[in-house]
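The values are calculated or read from the model by the stated rules, or taken from the named source; none is laboratory data. Here the structure is a predicted model, which means the values were calculated and not measured. Neighbour counts are summed over all protein chains in view; Cβ atoms, including those assigned to glycine, are modelled from backbone coordinates with ideal geometry. Accessible surface is based on the protein model in full, side chains and every heavy atom, while ligands, DNA and RNA are left aside. Shrake-Rupley method; radii C 1.70, N 1.55, O 1.52, S 1.80 Å.
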Amino acid sequence: MAASNARSLASCIFCKIIKGEIPSFKLLETELSYSFLDIGPLAKGHSLVIPKYHGEKLHDVPDEYLKDSLIVAKKIAIAVGCENYNILQNNGAIAHQIVPHVHFHMIPKPAESDTAGLVIGWPQQKDIGMDDLKKLHEELKGKL
């Protein structure tokens, strides 16, 4: 699907940024992606990459847009010069997605501390055993 056929939503803040209706600190724009500095950064160089196709969740966006977005995120990480960084993409409100348009955060992690960059917990589920994982593995393989 070419960018000229990209889907957009008039009320979406990210679609408005892509169209130039809302200003941004644009970094890199391709036929399929648009990137800019986050105005509420977690670290210096924190950037957003958005597909030029309006989809609320990852599975709503065509693969070529997703591929391009990750290539752009990689270029930004290299340009920022960060050795350590997170690429974050959330799907749905309870998964901490604030803007309902797929977007990728490139968040530099400048130090091993909680003062800058992404700070996360990792609530590993201790009650999921090997038998549960084997069952889930078989179930998922049958769907892929």
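Against the 2.2 N^0.38 Å scaling, with N counting residues, where does the chain land? I'd like the Cα-based Rg ratio to two decimal places. Please list the in-between numbers first.
Values: Rg = 17.3 Å, N = 144, 2.2 N^0.38 = 14.5 Å.
Taking N as the residue count of the chain, the ratio is 1.19.
Can you list, by residue number, the Cys in the chain that have no neighbouring cysteine C-beta under 4.7 Å?
Those would be 82, since no other cysteine Cβ in the chain comes under 4.7 Å of theirs.
Angle between the Cα long axis of helix 63-80 and the longest principal axis of the chain, 0 to 90 degrees, nearest 10?
80
Provide the per residue accessible area, probe 1.4 Å, for the chain, rounded to a whole number of square angstrom.
On the way: 9640 Å² over 144 residues.
Value for the chain: 67 Å² per residue.
Amide H to amide H, which residues 5 or more places from residue 54 or on other chains are under 5 Å from it, using H placed in the peptide plane?
Residues meeting the amide H criterion: 7, 8.
Order the peptides 88-98, 114-124, 41-51, 25-35 from the highest to the lowest mean number of other Cβ atoms within 10 Å of their residues. Walk me through the intermediate numbers first.
Values: 88-98: 12.2, 114-124: 10.2, 41-51: 21.9, 25-35: 17.5.
Result, highest mean first: 41-51, 25-35, 88-98, 114-124.
Given contacts defined as C-alpha pairs under 8 Å and at least six residues apart, what's the relative contact order of segment 1-142, whole-number percent? Display every interim value, and only then the final one.
Numbers: 216 pairs, mean separation 30.5, N = 142.
Across segment 1-142, relative contact order equals 21 percent.
Near residue 36, within a Cβ-to-Cβ distance under 15 Å, what is the net charge of the other residues, with Lys and Arg +1 and Asp and Glu -1?
Details: positive: 16, 19, 26, 44, 52, 75; negative: 21, 29, 38.
Once all neighbours under 15 Å are counted, the net charge is +3.
Need one number for segment 71-144: average projected area of the convex hull over its C-alpha atoms, nm².
The directionally averaged projection comes out at 7.8 nm².
As a test of the formula, what do you get for the chain when each DSSP H run with n ≥ 4 contributes -39,500 (n - 2.57) and the sum is divided by the residue count, at 222 nm and rounded to the nearest 500 deg cm²/dmol? Please report the intermediate quantities before stating the final value.
Working: 3 runs with 37 residues, N = 144.
Value at 222 nm, helices only, nearest 500: -8000 deg cm²/dmol.
In whole percent, how big is the carbon plus sulfur part of the accessible area of segment 1-142, probe 1.4 Å, protein atoms only?
Accessible surface attributable to carbon and sulfur in segment 1-142 totals 58 percent.
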